Structures are given as C-alpha cells and as structure tokens.
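To keep things clear, I will list the structure first and then write my remarks on it.
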Amino acid sequence: SRPVARRCFPAIRAKKGVIMVGNETTYDDGHGRRRNVTELLEGAKKANVVLETRQLAMKIFEDYTVSWYWIIIGLVIAMVVSFIFIVLLRFLAGIMVWVMIVMVILVLGYGIFHCYMEYAKLKGEAGSDVSLKDLGFQTDLRVYLLLRQTWLAFMIILCIVEVVIILLLIFLRKRILIAIALIKEASRAVGHIMTSLLFPLCTFFLLCLCIAYWASTAVFLSTSNEAVYKVFNETACQFSGQTCKPETFNTSNVTKLCPDAQCLFAFYGGETAYHKYLIILQFFNVFMFFWLANFVIALGQVTLAGAFASYYWAFKKPDDMPAFPLFSAFGRALRYHTGSLAFGSLILAIVQVIRVTLEYLDHRLKAADNKFAKFLLSCLKCCFWCLEKFIKFLNRNAYIMIAVYGTNFCPSARKFFLRMRNILRVAVLDKVTDFLFFLGKLLIVGSVGILAFFFFTQRIKLVQDTAPPLNYYWVPILTVIVGSYLIAHGFFSVYGMCVDTLFLCFCEDLERNDGSPERPYYMSPELSEKKG
C-alpha cells in the first residue's frame with residue numbers, strides 16, 4: 001500500500017499492460033472479501049474528481065483574495081456609469097429613440113434591396129424557378145435559398161413590415177414624443193430624489209432577511225426528526241414492527257418473550273402528530289416566504305411611487321416637494337398601507353404556491369406514461385404562469401394608485417382601466433423604455449466587462465504591473481460582469497418605476513384638469529407641450 005491523502009491505498013502498478021496490486025489482479029478490501037483492481041480504479045477516479053474540485057475551489061478562493069478590491073472598484077465604476085447614463089437620458093433620450101427608428105427602417109430597406117438583388121441574380125439559373133410547393137420539405141434549408149420564389153417571399157414580407165412601421169410612425173408620432181418627454185421628465189425626477197437610486201439596497205436587505213428566515217425555518221423543520229427504532233425478528237412475535245428504545249430494549253419483556261428479537265434503526269422521522277404533518281409545515285413555510293418576499297417588493301414599489309408622485313403633483317417643482325420625499329413615502333406606506341400591501345402580496349403568493357405545486361407534480365409524473373395528465377398539467381402551468389404575470393402587472397399599477405390617492409387595494413386595482421383608456425400610449429411608452437433600458441444594460445455591462453477583461457489579462461500597459469497574478473482570470477471578470485448587471489438592473493428598476501408613476505399621474509392629470517386657471521395642469525411645461 002501507499003499513503004494517499006493521509007489514507008492507505010493499495011499500490012497499483014501496470015505490468016505488461018495489466019493493472020495489478022503487488023503481483024495479483026485482486027486484493028483484500030479489509031473485510032475478508034477479494035475485489036478486482038478495476039473496482040479500485042473506478043473508485044479512485046471518483047475520489048480524484050473530488051480532489052480536483054477541491055483544488056479548483058481553493059484556486060478560485062485565492063483569486064478572490066488577491067482581486068477583491070479591484071472587483072469592488074469595477075462595481076463602483078458600473079454604479080457611476082449607470083448614474084451617468086440615467087442623467088444623460090434627459091438630453092439624449094430623443095436622439096437615441098429616433099436614431100433607433102431610422103436604423104430599423106434602413107435595415108429593413110437594405111433587406112428589401114438584398115432580397116431583390118438575389119431574386120434578380122437567380123433569373124435564368126437552372127432549377128431556380130421551381131416552386132416551394134413542388135420542392136416540398138427539405139432538411140437542408142440552404143436548398144430553399146437557391147429558389148427565386150424564396151427571395152420573392154422574403155421581399156414581400158419585409159415590404160409589408162416596412163410599410164406597417166412607417167404607417168405606425170405617422171399615426172403614433174405624437175405618442176412617441178410623449179414617451180420621450182416622459183423619459184426626460186423621469187430623469188429630472190430621479191435627479192431631484194437622488195436617494196431613490198440607493199433604495200433598492202434597502203429592498204435587497206429585507207429580501208435577504210426573508211430568505212434567511214425561510215432557510216433557517218426549513219432547516220429546523222428538516223432536522224427536527226428523530227431516529228426511530230423498531231423491533232425486528234425472524235420468528236413470529238407479537239411485538240414485531242413496534243417502536244423500541246435501544247437503551248432499555250435488553251431489559252424489556254420483548255427479549256424474554258421473543259429471544260431472537262432485535263431493536264434496529266428503521267428511519268428518521270417520528271410518529272407524533274407533529275411529525276406526521278411536517279410536510280404541511282414545510283409547505284406553509286414556502287408559502288410564508290413568497291408572501292413576505294412579495295410584501296417587501298410591494299413596499300419598495302409603493303415607496304418609490306409615493307416619492308415620484310410627490311414630485312409630479314408639486315405645482316412648483318421642486319419647491320413644493322416635501323423635504324425628504326422618499327422617507328415620507330416610506331413612512332406613509334408603513335403607517336397607512338400595510339394591509340393593502342399584504343393583501344396584494346397574498347394574492348400573488350397563492351398563485352406562486354400553486355405554480356410550485358404544479359412543478360412538483362410535473363416532476364413526479366415524469367416517469368409516468370399518462371399523456372393526458374401531462375397535457376393537462378402543461379395547460380395548467382401555462383395558465384397560472386400567465387395569471388402570475390397579469391397579477392404582477394395589476395399589483396404594480398394598484399400600488400402606484402395607492403401611493404397617489406391613498407386608497408386601499410381594491411379601489412386602486414380598479415383604476416387599471418386608466419391604463420386601458422390610454423392603451424396606445426402605454427404600448428409606445430413600454431417599447432421605448434424597454435429599448436432604452438436594453439441599450440443601457442448592454443452599454444454598462446459591456447463597457448465594464450471589456451475594461452475588466454483588459455485589466456485582469458494585463459493588456460493595459462499603463463496598469464500592467466498593478467493587475468494581480470491570477471490562476472483563472474475569468475473569475476474576477478465574471479464577478480464584475482454579473483455584479484454590473486445587477487447594479488444596472490437596480491438603477492433601471494428605479495427609473496422604470498419612475499416612468500410608470502409619472503405616466504399614470506400624467507394620464508390622471510389629463511382626465512382631471514383642462515389647463516384652465518381654475519383647473520391647471522400639474523405636468524411640467526415640456527410635457528404640456530406634447531400632451532396632444
């Protein structure tokens with residue numbers, strides 16, 4: 001034998017292509033049994049995987065110890081870039097949106113031109129005039145590109161899309177201008193309430209508390225089982241299968257009446273009412289986690305909506321705003337709206353628990369061959385997924401109305417029709433903001449990720465000697481990229497809540513007021529110019 005990781009292992013060697021221990025192909029496993037050397041090799045391979053994984057983890061940990069401060073610097077840069085991007089939206093939102101629209105039109109135009117050139121080039125080519133119907137289905141999709149009819153179909157489709165987009169731009173140009181004005185206004189609002197950009201940290205901290213509560217409760221419930229011992233015997237015995245205690249078993253009447261009986265370990269669990277309903281307690285723990293997590297998210301949304309609504313409904317901005325709008329909104333949410341937030345979170349938590357239950361059933365039914373049950377389960381999963389998305393959308397609008405009006409959940413949710421009455425504005429605003437947020441995340445994550453790559457791979461000559469030596473340079477780079485995405489997502493979630501709040505306040509302002517001296521608009525002059 002030879003020592004391996006402070007353990008004695010048989011000394012394996014190869015002799016003329018045959019794996020042997022000593023001079024034999026078998027060995028004694030220490031329990032009086034002879035085993036083949038190949039079994040030892042399989043076990044050694046698995047042990048080697050564990051050792052290699054441990055070494056990999058140690059190297060990754062070493063990389064973190066020498067690069068953690070540079071990772072923090074990278075995340076700070078991501079935070080600064082996110083803030084600068086939000087500030088620049090006030091000035092560049094219109095340019096970015098119109099450049100995007102022109103680029104889409106030009107790309108579609110080039111697509112039409114390219115399809116026409118391919119269509120004209122194939123004129124007179126052998127086999128190019130075969131119709132798609134005569135060709136039928138082909139696994140090699142490149143065959144279709146040799147037909148004129150394919151390029152003609154592509155050209156017609158692109159022409160239709162181009163015409164539809166141009167018509168939409170003609171009819172929705174005013175609504176696009178409103179969306180751009182709202183995005184600029186949101187940038188001003190965030191600029192006046194700078195603490196709102198740090199508020200996601202509070203929400204994140206509260207969510208961590210919820211996760212810690214759920215995890216600790218789940219661990220306590222899982223480890224509350226007890227070792228259950230039962231009577232086992234080879235001959236007939238009236239005590240067979242009954243629970244027993246190993247400490248007192250030898251002195252009990254069982255050994256006298258059943259001499260061959262033994263008190264052996266059966267399973268972990270218990271036979272009390274508590275242990276029987278342990279799975280229900282775990283299920284309730286999951287439900288409480290969803291409820292608390294949704295409540296924390298709802299509290300954050302109402303707080304941000306209340307702060308931004310105080311900006312919009314200030315007649316003279318920012319002079320008529322409260323001194324600390326975010327803290328005032330947080331206090332109002334806790335003092336007056338806790339029940340509404342709990343009710344909205346409860347509805348969403350019930351749907352999410354049902355979805356978790358359906359996923360559990362789907363996992364259990366994977367081995368079954370009941371196609372109808374699988375089909376029914378897939379339909380239910382799809383329906384409840386759609387229901388969850390709708391409830392999230394409804395709750396978000398309800399929370400904004402709660403922050404604006406101070407009403408409870410149900411009356412606020414009924415104001416959902418305010419959005420429906422402005423459905424075109426909603427559609428345009430959502431698409432424009434989604435595009436800007438996508439560009440922002442791509443810019444922030446891409447720029448910080450590229451900078452981290454050049455720094456940690458020592459390709460920047462000015463700071464070449466500053467970069468720490470690493471085992472795997474991808475460890476800090478991936479950490480910076482993921483962290484940058486989370487930071488950008490946190491900044492843009494605040495910005496998105498600001499845009500939604502200002503939009504609903506804008507719609508309400510248009511329905512309430514007419515711009516006369518008796519009922520003046522609360523919107524800014526920039527929004528008032530484009531309200532048509």
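The values are calculated or read from the model by the stated rules, or taken from the named source; none is laboratory data. Model, not experiment: these values are computed from the prediction. Positions of Cβ are generated from backbone atoms using ideal geometry, with glycine treated the same way; all protein chains shown enter the neighbour counts. Side chains are part of the model used for accessible areas, which takes the heavy atoms of the whole protein and leaves out ligands, DNA and RNA. Shrake-Rupley method; radii C 1.70, N 1.55, O 1.52, S 1.80 Å.
Matching residues to (1) crowded, with 17+ Cβ neighbours inside 10 Å; (2) under 31 Å from the mean Cα position of the chain (by Cα); (3) not small (Gly, Ala, Ser):
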position: Tyr274; (1), (2), (3): no, no, yes
position: Gln301; (1), (2), (3): yes, yes, yes
position: Ala309; (1), (2), (3): yes, yes, no
position: Ala314; (1), (2), (3): no, no, no
position: Phe327; (1), (2), (3): no, yes, yes
position: Val353; (1), (2), (3): yes, yes, yes
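Would a scan of segment 277-298 turn up a residue that is over 24 Å from Thr407 (Cα atoms), at pLDDT 80 or above and crowded, with 20+ Cβ neighbours inside 10 Å? Outline the logic, then answer.
Going residue by residue through segment 277-298, those that are over 24 Å from Thr407 (Cα atoms) are 277-290.
Those left that are additionally at pLDDT 80 or above: 278-290.
Filter once more, so that each one left must be crowded, with 20+ Cβ neighbours inside 10 Å: 289-290.
Yes, segment 277-298 contains at least one residue that is over 24 Å from Thr407 (Cα atoms), at pLDDT 80 or above and crowded, with 20+ Cβ neighbours inside 10 Å.
For segment 79-132, how many residues are of a type in the set (Lys, Arg) and surrounded by 14 or more Cβ atoms within 10 Å (Cβ to Cβ)?
Quick first cut of segment 79-132, residues of a type in the set (Lys, Arg) only: 90, 121, 123.
Checking the rest, the ones that are also surrounded by 14 or more Cβ atoms within 10 Å (Cβ to Cβ) come to 90.
Count: 1.
From (1) closer than 30 Å to Val302 by Cβ; (2) at pLDDT 80 or above; (3) of a type in the set (S, T, N, Q), pick out the condition that doesn't hold for Asn471.
Among (1) closer than 30 Å to Val302 by Cβ; (2) at pLDDT 80 or above; (3) of a type in the set (S, T, N, Q), the lone unmet condition for Asn471 is (1).
What residue, of Leu341, Leu348, Leu358, is buried (at least 17 other Cβ atoms within 10 Å of the Cβ), without any contact (Cβ under 8 Å) to a residue 40 or more places away in the chain, assigned to a helix (DSSP H, G or I) and under 24 Å from the mean Cα position of the chain (by Cα)? Steps first, please.
Numbers: Leu341 fails: without any contact (Cβ under 8 Å) to a residue 40 or more places away in the chain; Leu348 fails: without any contact (Cβ under 8 Å) to a residue 40 or more places away in the chain.
Answer to the check: Leu358.
Can you report the number of residues in segment 402-455 which are of a type in the set (Gly, Ala, Ser) and either open to solvent by 40 Å² or more (accessible area, probe 1.4 Å) or outside the structural domain of Pro476 (by the TED database) (or both)?
3
Considering only residues that are among the small types (Gly, Ala, Ser) and either in a helix (DSSP H, G or I) or in contact with a Cys (Cβ under 8 Å, 6 or more places away or on another chain) (or both), which ones fall in segment 388-443?
Let us first name the residues in segment 388-443 that are among the small types (Gly, Ala, Ser), namely 398, 403, 406, 412-413, 427, 440.
Within segment 388-443, Ala398, Ala403, Ser412, Ala413, Ala427, Gly440 qualify.
Please work out which residue is most open to solvent (accessible area, probe 1.4 Å), limiting yourself to segment 219-248 and to residues that are at pLDDT 80 or above and of a type in the set (Phe, Trp, Tyr).
Phe220
Is at least one residue of segment 511-525 surrounded by 19 or more Cβ atoms within 10 Å (Cβ to Cβ) and in a helix (DSSP H, G or I)?
no
How about segment 192-209: which of its residues are surrounded by 15 or more Cβ atoms within 10 Å (Cβ to Cβ) and more than 17 Å from the chain's Cα centre (by Cα)? Give the derivation first.
We begin by selecting, within segment 192-209, every residue surrounded by 15 or more Cβ atoms within 10 Å (Cβ to Cβ); these are 192-193, 196-197, 199-200, 202-203, 206-207.
His192, Ile193, Ser196, Leu197, Phe199, Cys202, Leu206, listed by residue number.
Being open to solvent by less than 80 Å² (accessible area, probe 1.4 Å) and either without any contact (Cβ under 8 Å) to a residue 12 or more places away in the chain or in contact with a Pro (Cβ under 8 Å, 6 or more places away or on another chain) (or both) is the filter here, so list the residues in segment 379-392 that pass it. Give the steps one after another, and end with the answer.
To start, the set of residues in segment 379-392 that are open to solvent by less than 80 Å² (accessible area, probe 1.4 Å) comprises 379-382, 384, 386-388, 391.
Selection gives Cys379, Cys382, Cys386.
Determine if segment 244-260 includes at least one residue that is within 30 Å of Lys392 (Cβ to Cβ), without any contact (Cβ under 8 Å) to a residue 40 or more places away in the chain and assigned to a helix (DSSP H, G or I).
Within segment 244-260, the subset within 30 Å of Lys392 (Cβ to Cβ) is none.
The answer is no, given that none of the residues of segment 244-260 is within 30 Å of Lys392 (Cβ to Cβ), without any contact (Cβ under 8 Å) to a residue 40 or more places away in the chain and assigned to a helix (DSSP H, G or I).
Look through segment 20-40, keep the residues that are of a type in the set (Ser, Thr, Tyr) and part of a strand (DSSP E or B), and return whichever of them is modelled with the lowest pLDDT. Working first, answer last.
Just the residues of segment 20-40 that are of a type in the set (Ser, Thr, Tyr), to begin with: 25-27, 38.
Going one step further and asking which of them are part of a strand (DSSP E or B), we end up with 26-27.
Details: Thr26: 74, Tyr27: 69.
Selected residue: Tyr27.
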